[in-house]
Amino acid sequence: MSRLIGYLVRFAVILFGYAVASLAASAFLNILFLASLGYMPEQAHPTASLYFSIPFVALFVAYFGFMPAVIVILLAEILGRRDWLFYALAGAVVAAVFLGLIDHAGDAAFAVRNTSAILAVIGSGMVGGIFYWLSAGRWAGSWWKD
């Protein structure tokens with residue numbers, strides 16, 4: 001019974017970590033978008049639009065990155081990977097897989113072909129991976145080892 005509770009707690013931590021990673025990736029994309037518009041740090045104080053747009057974009061980040069992220073998280077849990085570099089690189093891989101899936105979807109309206117936009121998405125994947133490590137990845141495989 002206690003093992004089942006441990007599994008459920010670990011699953012909840014993984015879901016929490018995925019939510020944190022999605023929010024962090026969304027915030028990074030919002031910051032890059034503001035910077036591309038020419039806003040300086042002293043000009044870009046939090047407004048109501050940022051409080052809305054970061055969670056809203058995080059929903060899209062979480063939706064589109066879910067399947068590749070599940071594979072990476074499962075792999076990390078089985079292997080017991082707990083280093084931040086693994087999660088940063090895994091986040092970049094998840095973002096690259098997302099970009100590849102969008103490119104091969106056949107809808108040219110969603111294809112990302114601008115180099116700076118591709119690098120922004122891959123960078124946001126890395127940020128999301130690091131924040132996943134901070135919130136859940138540091139204890140990966142803890143349920144596996146007795």
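Before moving on, here are some points about what is shown:
- Model label points for PHE66 and ILE78, set 7 angstrom from Cα along the Cα-to-Cβ axis, are 2.2 nm apart.
- Candidates ALA48, HIS104, MET67 compared by Cα position along the dipole of the chain: farthest toward the positive end lies MET67, with charges placed on Cβ.
- Helix 2-36 vs. the chain, principal-axis angle (Cα, 0 to 90°, nearest 10): 10 degrees
- Heavy-atom accessible area with a 1.4 Å probe sorts TYR39, TYR87, largest first, into TYR39, TYR87.
- Charged neighbours of ALA90, selected by a Cβ distance under 15 Å, balance to +1 (K, R count +1; D, E count -1).
- Using C-alpha pairs below 8 Å separated by at least 6 residues, the relative contact order for the chain is 40 percent.
- Secondary-structure-derived ellipticity at 222 nm for the chain, considering helices only, amounts to -25500 deg cm²/dmol, per-run term -39500 (n - 2.57) for DSSP H runs with n ≥ 4.
- Net charge of neighbours whose Cβ lies under 15 Å from the Cβ of ILE130, counting Lys and Arg as +1 and Asp and Glu as -1: +2
- Extension gain for LEU37-ASN114 works out to 26.1 nm (0.36 nm per residue, less the C-alpha to C-alpha distance).
- Nearest-ten-degree value, helix 48-64 long axis tilted from longest Cα axis of the chain: 60 degrees
- Region 64-129: C-alpha gyration tensor shape, a/c 1.5 cut-off, then a/b vs b/c: oblate
- Label-to-label distance, TRP139 versus SER2, with points set 7 angstrom from Cα along the beta-carbon direction: 1.6 nm.
- Peptide ranges 127-135, 66-74, 94-102 listed from the most packed, as the mean C-beta count within 10 angstrom indicates: 127-135, 94-102, 66-74
- Crossing angle, helix 115-135 versus the chain [Cα axis fit, 0-90 degrees, rounded to tens]: 30 degrees
The values are calculated or read from the model by the stated rules, or taken from the named source; none is laboratory data. Note that the coordinates shown come from a computational prediction; the quantities given were computed from them, not determined experimentally. Note: ideal-geometry Cβ built from the backbone for every residue, glycine included; neighbour counts use all protein chains shown. Side chains included, ligands, DNA and RNA excluded: accessible areas come from the protein's heavy atoms. Shrake-Rupley method; radii C 1.70, N 1.55, O 1.52, S 1.80 Å.
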